[in-house]
Structure formats: structure tokens, C-alpha cells
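Note sheet for the following structure.
Quick note: the coordinates plus some simple rules give every number you see, no bench work behind them. Because the structure is predicted, anything quoted here is derived from the model rather than measured. Neighbour counts run over all protein chains shown; Cβ positions are idealised from the backbone, glycine included.
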């Protein structure tokens, strides 16, 4: 039988020396590391223990005795209860500097490398930026009402939210309106979540565990019309999503701030932060410096977020993606914007086939934007390809550092790198790195 460790009772004091990768304060008490939520480096805090293990303990701030000069009042009244944000108590300009340090530390510790140039981080608005989200829904009988939003910090219960300051305000300011509308539905106890996707307009995809009645459908339709939402229903998997109305309004956005448009489906992956994504695309093209007529390979191309802007440079683009549906929509996006010459291929980039058609030619430059797992399996392939330049867009510094170390071993220089604040107020670190071959 496993014995549960007894938590030390009462309030304890600690001096905080740093932040961990989750944005919690780090203190050392009696030789043991303690992670303290809502504490900042340089602070003296009082806290209560929330968990204890053999290797480390965890706690929650109850009072700040000596505050960091970088501490600010969180912009959201729900901060500390809602688990959506971890760093609202830290000034936004300091959040991104910490993320930059996380990137550098990963490159040094894991990749054993240092960028020749650390570029200023990309930043944007820290509020109202989030255009994609999965919102939990729960009808609570004891409260005679519905909760809509994110889960409480450290548990599975939904937080009671009035609003959310990081969501697109077209949704973030209307959480209570959505909840009150669901209260009126006969299927209110059969709606576990809502997928939000915002482009030129906002789609709300309601996951429904039973079919809505005609009256339910009328309530949903009226709500959508009043608030400018397109309502869709998802009775099963992602391929079951259907619009409530007979006609769909296509979702779209500009990948680079120009008049180019990318159409996408409500469940498609798009970058959460629209304005920051546009800055990221522009920076990636600047770093890649693709010239007209050069051959460019794009890996993990999605539905064309980088592809379409790359095609506009005059480069010959080969876009590779593992999802057939995204490849079809990406190719359609290029055609719709006047670039039918962009070539698209479906390929498993986690199990690269050396005989794959896209590897039958040489490329001057490569751009890749892999998921959190990184692109480990593609590193030997890229090294063998010997492109002059590689731009690597990353959503996880540890896997970037691992892959960067391999590229440097394979003859590349890490010319520059920098963080991007795609998810303000969270501990999520996005970054970009430029590699060039040889001297």
C-alpha cells in the first residue's frame, strides 16, 4: 500500500530564486526544491504546501512579503483560480524575456550550442489575442446553471468565469451569455465542450452527445444571429461537424497581413495568435531570404500559413504535410490566391521514406514548423539534402535544442535565434532559429 505524504500544515516562508518551466517560483527549503505557484524571482513569500513528493514539494502563495519590481496586478479577476494562465502576475515585457532565457538555456543544456545572434523577441498584444480555444461546458445542478470556460488550476473542475481577457473579445466577453443560452437547452447536460475558431467571423462548434430538439436548434440559431456567431454541431468525431444553418460561411484569415486569404475549417490547426503569427511569417521569410527561382522545401506545411507567403516571393515551393485533408485545403488555398504552381505532397514526416517523391530533388532552402515532438527523424534527411539555409519554427524549446544540436553536428551554424510570445500569460515558449551551412 502506497502511503500518501502528509502535507506540512500552516503558512511557511520562502525566498524565491527563479521560475520553473511551468512559470512557478522556485525556492529551496532545507535542501529540497519547492515549486510555488504565483511567486516570482527575488520575492519573499508566504505559502501553503499543496503537494509533497520525495524529489520536490509544491505550494501556493498566500502572501507576498517582499515583492518583485516586475510584479503587476493580473488583468483578469479569475487569475489564480482559472488554469488557463500562469503568468498574469508578471509584467508582459518580463514574461517574454523569461521565455527568451528558457530558449537559450535549452540550446545550451540540450543542444550544447549558442546562437551567433540572439534577436529581439517577437511580441504583440497580451490581451484578446486568442482566436482558437477549446472551452469546457458543464451544467451544474447544484448551481442551477452552466459553466463555460477553462478548468480550475490543478484540477478537473471548470472554473466559474464571467469573462476571459485573453480570448478574442467577440467570445471572451460573452462567456456568461453563452452559458445562459445553454441553460435554456433541453440537451444542456449533453454538451461537454465548445470549440472556438475565429477568423473574419467566429465559429462555435458545440460537441453534442445527443441530438438537439427543434426548439434547441431554434435557440442556438437565434443566439448565433444575435451575436454574429456561426453555430456548428459535432455529434461524434471531427468529421461529423455540420453547420446548424443550411449554408456555411467560410472561415479565412490573412497569413502575412496582406490581402492574401487562407480558408480553413473550424477544427483545422491554425496559430492561436493571429497578429503574432503574421509577424512570425514575415520574420521567417526575411530570415529564409528565398530568391525568385530558388527551390524551397516546406515541411509540416499545414494548410499554407507559410506556403502562400513563400510562393509570393517567386520561389519554387514544395509543401509537405502528413494530413491529407490539410494538403487538399492547402493546395486549394494556393490555387485560390493565384499560385497553382505550388506543389503539395502527403508524407509521414515522422517516418521519412528516402524514396518519397519530394526527396528526389535538391533544395536551396528549407522551412519547417513541426509540432511539440520536433523533427528528429527529418534531421538526417535535411543534413543529407545540404540546403544552404534552414528556418526552424518551434513550439517547444527542448525539441528545437535537440534538433539544433544535430544540425550543428551535421555542418550547420546556428546563425540566430529568438523567442516569440505566441501565448502571453502562459509558460508556452515559441521560437525561431536560422541555420546556415558551413562558413
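Taking the average, over residues, of other Cβ atoms within 10 Å as the packing measure, peptides 182-192, 293-303 rank 293-303, 182-192 from highest down. For the range 222-372, the alpha carbon positions stretch 54, 32, 29 Å along the principal axes, listed from largest to smallest. Using a Gaussian network model of the chain in which every pair of alpha carbons under 10 angstrom is joined by a spring, one finds that among 15, 102, 215 the greatest mean-square fluctuation is at 215.
Within the range 80-111, list the residues whose amide N lies under 12 Å from a label point set 7 Å along Cα→Cβ of residue 22. So the set is 86. Mean sequence separation of contacting Cα pairs (under 8 Å, at least six apart), scaled by the length of the range 1-71, corresponds to a relative contact order of 29 percent.
Most exposed first by the Cβ proxy, i.e. fewest other Cβ within 10 Å, how do 369, 348, 259 rank? Don't skip to the answer; put the middle values down first.
Working: 369 23, 348 11, 259 7.
Least crowded to most crowded, the residues run 259, 348, 369.
Separation of the range 211-248 and the range 374-439, taken as the distance between their Cα centroids, equals 42 angstrom.
Springs between Cα atoms under 10 Å define the GNM used for the chain, and in it the highest mean-square fluctuation of 238, 276, 122 occurs at 238. Inter-part distance, the range 89-168 to the range 298-324, computed on C-alpha centroids, equals 28 Å. Which entry is the computed Rg/Rh (Cα atoms, Kirkwood Rh) for this structure: [x] 0.96; [y] 1.00; [z] 1.04? Correct label, based on the coordinates given: [y].
Given a cut-off of under 8 Å on Cα pairs at least six residues apart, what relative contact order in percent is computed for the chain?
On the way: 959 pairs, mean separation 60.5, N = 439.
Computed over the chain, the figure is 14 percent.
Pick out which of 164, 76, 85 has the largest mean-square fluctuation in a Gaussian network model of the chain, springs linking Cα atoms closer than 10 Å. Result: 76 has the largest fluctuation of those listed. Rounded to the nearest 5, the antiparallel percentage of DSSP beta bridges internal to the chain is 65%.
For the range 155-262, the antiparallel share of DSSP beta bridges with both residues in that region comes to about 60%.
The protection proxy used here, the mean number of other Cβ atoms lying within 10 Å of each residue, ranks peptides 64-75, 143-154, 417-428 as follows, highest first: 417-428, 143-154, 64-75.
Per DSSP helix of 4 or more residues, -39500 (n - 2.57); summed, then divided by the residues of the chain. What does that give at 222 nm, rounded to the nearest 500? It would help to have the intermediate numbers written out before the result.
Values: 9 runs with 95 residues, N = 439.
After summing the helix terms and dividing by the residues of the chain, the value is -6500 deg cm²/dmol.
Between residue 184 and residue 291, the FRET efficiency estimated from the beta carbon spacing at R0 = 51 angstrom works out to 0.30. The packing ranking, built from the mean of other Cβ atoms within 10 Å per residue, places the peptides 49-59, 243-253 in the order 49-59, 243-253, highest first.
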